[in-house]
Every structure is written in structure tokens, then in C-alpha cells.
1. Which of the residues spanning segment 211-233 are over 22 Å from VAL139 (Cα atoms) and either without any contact (Cβ under 8 Å) to a residue 24 or more places away in the chain or touching a Lys or Arg at 6+ places or on another chain (Cβ under 9 Å) (or both)?
2. Can we say TYR335 is hydroxyl-bearing (Ser, Thr, Tyr), in the same structural domain as GLU387 (by TED's automatic domain parsing) and at positive phi?
3. If I ask for residues that are within 14 Å of PHE73 (Cβ to Cβ), in contact with a strand residue (DSSP E or B) (Cβ under 8 Å, 6 or more places away or on another chain) and surrounded by fewer than 21 Cβ atoms within 10 Å (Cβ to Cβ), which ones from segment 146-162 would you list?
4. Which residues, counting only those in segment 71-92, are closer than 16 Å to THR208 by Cα, β-branched (Val, Ile, Thr) and within 18 Å of the chain's Cα centre (by Cα)?
5. Out of all the residues in segment 304-344, which are under 24 Å from the mean Cα position of the chain (by Cα), at pLDDT 95 or above and charged (D, E, K, R)?
6. Give me the pairs: first residue in segment 132-151 and in contact (Cβ under 8 Å) with a residue 60 or more places away in the chain, second residue of a type in the set (Gly, Ala, Ser), beta-carbon distance under 7 Å, and six or more apart or on different chains, which are they?
7. Name, by its number, the condition in (1) surrounded by fewer than 17 Cβ atoms within 10 Å (Cβ to Cβ); (2) outside any loop (DSSP other than H, G, I, E, B) that does not hold for GLY400.
8. So which of GLU421, GLU417, GLU413 is in contact with a helix residue (DSSP H, G or I) (Cβ under 6 Å, 6 or more places away or on another chain), over 30 Å from LEU266 (Cβ atoms) and either in contact (Cβ under 8 Å) with a residue 40 or more places away in the chain or of a type outside the set (A, V, I, L, M, F, W, C) (or both)?
Amino acid sequence: MTRTAMIALAATLAVASVAGAAETATPSHGVAMHGDLAYPPDFTHFAYADPAAPKGGEIVFSAIGSFDSLNPFILRGQAAAGAANVFETLTERSRDEPFAAYGLLAETIEMPEDRSWVAFTLRPEARWHDGQPVTVEDVIFSLETIKTRGHPLYRAYYANVTGAEPAGERRVLFHFDGELNRELPLIIGELPILPKHFWEGRDFEATTLEPLLGSGPYRVARVDPGRSLTLERVADYWGQDLPVNKGRYNFDRMRYEYFRDGNVALEAFKAGQYDIRIENIARLWATGYTGPAIDAGLIVKEEIQDETGDGMQGFVFNTRREIFSDPRVRAALAYAFDFEWSNQTLFYGQYARTKSYFSNTDLAARELPDERELRILEPFRAELPPEVFTTVYEPPVTDGSGELRDNLRTALELLREAGWEIDRSTRKLVNSATGQPMRFEILLVDPAFERIVGPMLRNLERLGIDATMRTVDTAQYQNRLDSFDFDMVVTTWGQSMSPGNEQRDFWSCAAAATPGSRNLAGICDPVVDALVDRVIAAESREDLVAATRALDRVLLAGHYVIPHWHSRIIRVAYWDKLAHPDVLPRFGLDLDAWWVDKGKEQQVAEQKRALTQDAAGR
């Protein structure tokens, strides 16, 4: 037998062996993290999508700052908003379930009971925009490329995926490292699939404004560098009739217009320069939506209920900085933030205080640890603060009057315990050992936060702390975040109802040392690492809840953030030419299921012209 024949035989036997091992699993149209799927194999569309929705028209979104790349999967550069819409994944996540996904590029999904591997069979009709089929080779190339050359967050996210290999003409098998991780089949389904033939001879890690080849419902139509990106719907999109897509991707064009900052963007919205706005600032929702278009009823304000977990937003301490290395210092500085006054004065009472990294879910540690949690925490008792076992976390509270003398007194006591004291000659807070004053900067990207930070700076000044704030442009801000070059920032860690591998990128020691990770706080604690592993390995919903609550209370006891606020409402303002289904998803928005009402579009355009002429006449 020749060497070539021997190699061919070995490859055939390997594929046969893999295929034989996979025969013990039954192909399915979807996969759920825990429990059963909500949609049966013969479902025709998601409940929150209208299969009769009309196609056509254009929707214009806003973005802040600028962009210099169309590659959303790398660390380098600032990717354009909307750039990821060109690409597809193996599965599509359902917004009606905590964590479940259904076949998109994949026709079927197979996995054993212990979820030690997963296999996907690609749809034969799946095509790239150049007409070439999506292949198993493309899937394998995507995993290898994104893990080795993509943004660092992918390395943590797919850390337990050791590789992929062909298991048939359209079937690809993913191998896992043996560590129990029930989420892996679902997160592999979220892998962006890239065309191997397109990237041959191109540098994946370089920024580029060349339109990239994808397989999704949209392709890049026009790029105005740094200012706008226009996508157009692919007329012969291969997947338009799939159940996961039916009634979705209705706009002929999606355009993303960039503005200097949020204030400019709001005025541009009211002037009709873009169509829809998700409002995150309570003051603007209460007072900012005024003007002729609002008065004429051309803009709709809608509050949509949302069951998505709110996660944690807050002022984040960079514990890589020496002044923030002591948790007593971090705990003390939280007494300088007056949420109650801010909520009454700045937010019109629209928010609740955040007290968990998993707020508004059953994953939050809202009570003392129960028996199941204690079994998880007990092995770490010696390494943990006693309050993890005895006290439910509560952030400092004020009476809302703006006078927080008692809080500042408590803060000073904690600071003295941590080795800081007031220098009587300068009235500054200094380190007792070195004499160095406490000085730090709060880095911002959104000017809207300046009015929130300002009062806190005054409270810090009363403690003798020299704290300042600095607002920078989006590119500089992102670069400084990626390199952890900041003292304190405002950030949000969004959470799902089924946390998993992303927690490594948020809290692990490995992420703390990885530029571009989401571990902005610099947390490196073996106990936290172990608890993250427990979350990922949870075999049931009950185990997941217990492990996540344990992680939550340990993070809270570390005082890595000064918690902000949250709401169960999504505030959406949009020009009345847009419409959406009567049934909305339980978890978040699905703007891909919206459409242009062609009758209203013409009326809105005519009324908008009339308002413009009236303004010009005045």
C-alpha cells in the first residue's frame, strides 16, 4: 500500500470512528441549557416575529464616536456598529427562553447526555454571498482563527473547546477538554462562521474597511469611513424562509449614522436624522423628548417590559492600582455616592438600587446562603470574609437629602483602618506610611455621566480625596480600557438568565492579565476562579442558581464596584413609520422583527417636510 493510500485510509477510519461515536446521540432541531425546548421541531417562526411582516424601506440607527474597521472580531481598531450583521452562527438564540438555541447554519445538533461533545450538520443550502457553499472546513477555520487571532475574549469563551474535525460531508464534530461544562454545545452554536476562502492571503488581525464576505441576511453596501455604514438586504438570501428567520430581517437597508456625543445624537433624532433610540438616561426620558415632532405625534415613546437580568452597572475600581488594592478602601469610597439623592434629583425616581451582579433574577444572592450554597462556600471559609456567611450585602444608604455626614464619618473610619488619615495641615487624606495623598481619576466616555459624578467628587473632597473626572472620545476610551489604563470607570456587566463561560472573561485571574478582557476590576482570586468553574459546570438549574448566588455574594464582599441602579423597562423612542409585532420577546428587544409601515412612512415624511418648512419660515 502506498503512503498516500495509507493516509487516505487512516483519515477514512478516523471519520468513521467519530461518526460511530456520535451515533449514540439523537439529532435535534435545537438545544436548551436546562429543561425542554419551547419550540417543537415543526415550528414555523418565533412567537415574537410576524411572518406576514412586509419587506422594504430603510431604518437608520445612531452610533457615538467613530470607526476604523469592519472586522468586529479582533482587538485592534474600532469596529463599525452593525458590522457583525453580515455574519451568521450555527444556531440562533431564542428570546423567549432563558438560554435555548435553534438551527441556523446548522440543520441539526447532536450531543450525548453528558454533553462531552457536540456535532452540527450544516444545511446543504447555506451559501456565502459569493454563492459558494458554507462548508465544514469554514467552521473549523472559524474556530481556529477566532481562538488564536481574534479578540482575547474568545479565548476565554472557548477555552474548553480543544478542536473540531469533519465527521461527514456536512457534519462537524467539536471536542471538549473533559472539564464538565454543559454550556459548551450552546456557546459553540454562537461561533461566528467565517469563509476560509475569503481570508486566504488576508491578515485577519488587521483593521480593514474592505467589506467582508458573510452569509447573513445583509451585506455592506456603502462605507463612509468614521461617519456611517449602510447595509443592504441580500435579495436571494439563502436562509430567508428558515423558522428562525421567518418574519425577521424586513428592512431593505440598515444605516448606522455616527454622532459626536449623546446630546448631539438626541437632537439629531428629534430632527429626523435617524429612526429609533433606546434611551438609557432617565432625565432625558422625562424631560428631553420635546419639540415639534413630539408635539405632532410623529415620535412614539414606548416602555417595554423586559425580563432580562440587569447584571451590574457601577463605578469600577481598578484594583491593579495600589490605592484600590485594599477592600476596606473600596468599601469606604462607596459611602461617597448618594444614590437616593441622585434618584430623586437626577433620575426622577425611575430606578432601583442595584445590589447584585445578577440583579432582577433568581440568581441574585438576596438572602443568607441556603444549605446548597453553604456546601459550595464551606471549603473556602478560611479565605473568605466572615460577612459572606452572615450578612446579605446592602450598599450604603442615605435619606436623600443630600447631606451624608454620617456616611462620610463611616467612610473615614474604614479609611483609618486601612492606613489612611487626614493631614491636619493640608486637610488631605494621605497614606499613613508614605504620606502620599489619595488621588485618582474617574474616566468617562459619555458626558451625561458628568452630572452624576460631579456630586460624588464633592463628597470625596469632603473626605480629603483629590478625585477628578475626565471625559474622552470613544477610541481613546476603548484603548485605555483594553490596556487597563484607568483608575476608575463606569461600566456594565450584562448578565443572562443562564450565566456560563463569559464569567471567566469578567472575573478570572487569566482575564485580569489579558488586555481587552472584561475583567476591568482586575479581580484575581482563586476562590472566584473556583466559583466561576462551578457555575460553568452546573448540571441542573438548581445547581446553577446555587453556584451563581455563591459567586455573587463573594464578588459583592470584595467591593470591586460602587453599584449603580437598574430598571425592568426598556425605553424606546421611534419615528412612527416603524412597527413591531403585537407579541414581544420576554428577554430584550428583537429589532430584526420590526418593519417599515409603508402607509405611515409616506405620511411621516410629508409631515416632517412641513415641520422643516415651518422652522425655516420662522
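1. Within segment 211-233, ALA221, ARG222, ASP224, SER228, LEU229, THR230, LEU231, GLU232, ARG233 qualify.
2. no
3. LYS147
4. ILE74 - this is the single residue of segment 71-92 that is closer than 16 Å to THR208 by Cα, β-branched (Val, Ile, Thr) and within 18 Å of the chain's Cα centre (by Cα).
5. ARG320
6. VAL134/ALA126; VAL134/SER215; HIS151/GLY516
7. So the condition that GLY400 fails would be (2).
8. Residue meeting the stated conditions: GLU417.
The values are calculated or read from the model by the stated rules, or taken from the named source; none is laboratory data. Only a predicted model underlies this, so the values are computations on that prediction, with no experimental measurement involved. Here Cβ is always computed from backbone atoms with ideal geometry, including for glycine, and neighbour counts include all displayed protein chains.
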